[in-house]
Every structure is written in structure tokens, then in C-alpha cells.
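Engineer: Please find one structure pasted underneath; my questions will follow.
The values are calculated or read from the model by the stated rules, or taken from the named source; none is laboratory data. The structure presented is a predicted model; accordingly, all values stated were derived computationally and were not measured. No Cβ is skipped: glycine too gets one built from the backbone with ideal geometry, and neighbour counts run over all protein chains shown.
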Amino acid sequence: MITGYNTEVTFSGIIYHVQTEDMGLDMRKIITHVYKGGAILLSKKTAYDHLVVEGSDEAKIKALMNDQHKTILRIIQAGKLETLRKKVEEAEKQEPAHAGPERESAAQVAGMAEMDEDIQESVREIEQEIDGSLNMLLQRFIQKEAKPKKLKVEVVAGTEIVSGQPAVLRVYSRDASTSQPLPDTKVVIKVIGMTFRPAVYTGRTDKNGVYTLNIIVPEFSAGQAAILVQASSEFGTDELKLKISRRI
């Protein structure tokens, strides 16, 4: 009998205890129990008669036990435990009824073999589903990482920008395709008009890709005025213009 595994795994705030052990050469099975608060939620058995027929290979039995333990852990972490549990219950319901003292052993063996294969197939289906989901996530990640970032600047002023009035400008530097914040972006803000001297402010976005500027907008009564916001980083440049309204 080979030493087994005991692992605690948490999913959605619930702690599960997973125990996998070898039942010995007499039983020739590896069994995994999943416990929740001391109650068994699932028992997964795998026969290894073929390994004994080939010649008892402890390393192969150990590898089979390791694979089964990791598979159950993976299924729990993917939120598929209930799916497997239902499939195991369905397989158990289909186990042949006892056919009398002389035929009972053969019926049980045949039933267990069929049930084991049904459960194994269920595990394979669930693993394929998990692999498919992981592959999709991985593909999206690769596509996202492979696509070059492109800087996009946005400005939120809160209210209308009016001459002679205070204004709070929040500049957001983001990746154009993913909206991911781009920190340490250089920001240049120019307040320009036809009747007053231009004012220039510079700064850099913080770790959240934000730069905030508080200003008093210059007073003017004729002509036009605007605020030009320019942003630049290793991911490119972008700019936009905000209109300044004359105070009435």
C-alpha cells in the first residue's frame, strides 16, 4: 500500500478536504474522498488491475494516484465539483441489482467496471471543459498582450469651463484598446486665448493613470479661448481641446 495525499482546497469560501489513497493489491483501486466539514461529498475510485497484470509497478501506481488527486483538486478549483458529484450519483444508480448469492460477485465486478468507466468519462468531459475555458482565457490574454498599447487621453472637467471661474481638470491616460490605465504619462495643459497670455502646466499621471489640475480660468470678454491637453508616453501621443465659455 502506497502512502496517499491529503490536501485542503478552498473554493467560493468553502474549504474542502481531499484525501487520495491506495487500497492495496487486494483491492487494486485508488480512491479519492472529498470532505466538507467531515461529510463525504464525493468518492472517486479508479481500478489499476492492468498495472498488476503487467507486474506491480509502484511508480506507475503512485503516478496514477497523483494524477487522480490533482484532477479532483483541479475540478474543485474550477467550480465543477457538483457536476462530477451528480454524474457519480447517476452512475451509481445504474449499478446492476444483486442477482443471487452465486452471481452477486460477478454482477458487482461488472457493475463497478462500468461505473468506473462512466465516471472516468465524466472526469474527462469536465477536464476538457475546463481546458477549453482556460484555453479561451489564455488566448484572450495572448491577444491582449500581443497587441501594442496605444495611448488615449480623456479629460473630465465636471462642469462647464467658464472664464474667471475655478476649474478642476482630471486627465485620464489609458490604453485605447483595453482601457487599462497608463501611469507616468507626461501631461501638458495649455490655456490659450486671443486676449490673454497663455498659461502652461505640466505633470505626470499617477499609478491609476490620472493627473488632476486645479486652475482659475483666465478672464476674457472678447475672442475665443480653449484648453489644450497633450499627453505622451512610450505608447504614443494624444491630445484634445476643451472650449472655454465667456462668463455672462
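Here is a yes/no grid of residues against (1) farther than 16 Å from Val88 by Cα; (2) assigned by TED's automatic domain parsing to the domain that holds Ile76; (3) under 26 Å from the mean Cα position of the chain (by Cα):
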| position | (1), (2), (3) |
| --- | --- |
| Phe11 | yes, yes, yes |
| Tyr16 | yes, yes, yes |
| Gly24 | yes, yes, no |
| Ile40 | no, yes, no |
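Engineer: Could you give me the residue pairs with C-beta distances under 6 Å whose first residue belongs to segment 71-90 and is more than 13 Å from Val34 (Cβ to Cβ), whose second residue is of a type outside the set (A, V, I, L, M) and modelled with pLDDT under 85 wherever it lies, and which are 6+ apart or on separate chains?
Structural biologist: Hits for this filter: Lys87/Ser122.
Engineer: Continuing with this model, one more query. Any residue at all in segment 233-243 that's among the β-branched types (Val, Ile, Thr) and either crowded, with 17+ Cβ neighbours inside 10 Å or not assigned by TED's automatic domain parsing to the domain that holds Ser173 (or both)?
Structural biologist: Step one: filter segment 233-243 for residues among the β-branched types (Val, Ile, Thr), giving 237.
From what's left, either crowded, with 17+ Cβ neighbours inside 10 Å or not assigned by TED's automatic domain parsing to the domain that holds Ser173 (or both): none.
Within segment 233-243, not a single residue is among the β-branched types (Val, Ile, Thr) and either crowded, with 17+ Cβ neighbours inside 10 Å or not assigned by TED's automatic domain parsing to the domain that holds Ser173 (or both).
Engineer: Taking only segment 5-22 into account, find how many residues are aliphatic (A, V, I, L, M) and farther than 18 Å from Asp67 by Cα.
Structural biologist: Going through segment 5-22, the residues aliphatic (A, V, I, L, M) turn out to be 9, 14-15, 18.
So of that shortlist, the ones also farther than 18 Å from Asp67 by Cα come out as 14-15.
Matching residues across segment 5-22 total 2.
Listed here are the residues, each with its yes/no results for (1) modelled with pLDDT of 80 or more; (2) out of contact with any Gly (no Cβ under 9 Å at 6 or more places or on another chain).
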position: Lys45; (1), (2): yes, yes
position: Asp49; (1), (2): yes, yes
position: Ser56; (1), (2): no, yes
position: Lys60; (1), (2): yes, yes
position: Val88; (1), (2): no, yes
position: Gln94; (1), (2): no, no
position: Gln108; (1), (2): no, yes
position: Met112; (1), (2): no, yes
position: Ile119; (1), (2): no, yes
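Engineer: Going by the structure shown, is Leu213 surrounded by 13 or more Cβ atoms within 10 Å (Cβ to Cβ), farther than 15 Å from Val162 by Cβ, without any contact (Cβ under 8 Å) to a residue 60 or more places away in the chain and touching a Leu at 6+ places or on another chain (Cβ under 7 Å)?
Structural biologist: Numbers: surrounded by 13 or more Cβ atoms within 10 Å (Cβ to Cβ): yes; farther than 15 Å from Val162 by Cβ: yes; without any contact (Cβ under 8 Å) to a residue 60 or more places away in the chain: yes; touching a Leu at 6+ places or on another chain (Cβ under 7 Å): yes.
Considered against the rule, which asks whether it is surrounded by 13 or more Cβ atoms within 10 Å (Cβ to Cβ), farther than 15 Å from Val162 by Cβ, without any contact (Cβ under 8 Å) to a residue 60 or more places away in the chain and touching a Leu at 6+ places or on another chain (Cβ under 7 Å), Leu213 comes out as yes.
Engineer: Something else: Scan segment 20-51 for residues that are in contact (Cβ under 8 Å) with a residue 24 or more places away in the chain and either among the polar types (S, T, N, Q) or surrounded by fewer than 16 Cβ atoms within 10 Å (Cβ to Cβ) (or both) and jot them down. Break it down stepwise before answering.
Structural biologist: First, the residues of segment 20-51 that are in contact (Cβ under 8 Å) with a residue 24 or more places away in the chain: 20-22, 25, 28, 30, 32, 34, 41-47.
Passing the criteria: Thr20, Leu25, Thr32, Ser43, Thr46.
Engineer: Taking segment 203-248, which residues are in contact with a Lys or Arg (Cβ under 7 Å, 6 or more places away or on another chain) and not hydrophobic (A, V, I, L, M, F, W, C)?
Structural biologist: Within segment 203-248, Arg204, Gly209, Tyr211, Thr212, Ser221, Ser232, Ser233, Gly236, Asp238 qualify.
Engineer: Out of the residues in segment 12-58 that are of a type in the set (Asp, Glu) and assigned to a strand (DSSP E or B), which is farthest from Ile72 (Cα to Cα)?
Structural biologist: Initial filter on segment 12-58 (of a type in the set (Asp, Glu)): 21-22, 26, 49, 54, 57-58.
Filter once more, so that each one left must be assigned to a strand (DSSP E or B): 21-22.
On the way: Glu21: 13, Asp22: 15 Å.
The selected residue is Asp22.
Engineer: Suppose we filter segment 177-199 for residues that are in contact (Cβ under 8 Å) with a residue 12 or more places away in the chain, under 22 Å from the mean Cα position of the chain (by Cα) and assigned to a loop (DSSP other than H, G, I, E, B); how many remain?
Structural biologist: Residues in segment 177-199 being in contact (Cβ under 8 Å) with a residue 12 or more places away in the chain, under 22 Å from the mean Cα position of the chain (by Cα) and assigned to a loop (DSSP other than H, G, I, E, B): 4 in total.
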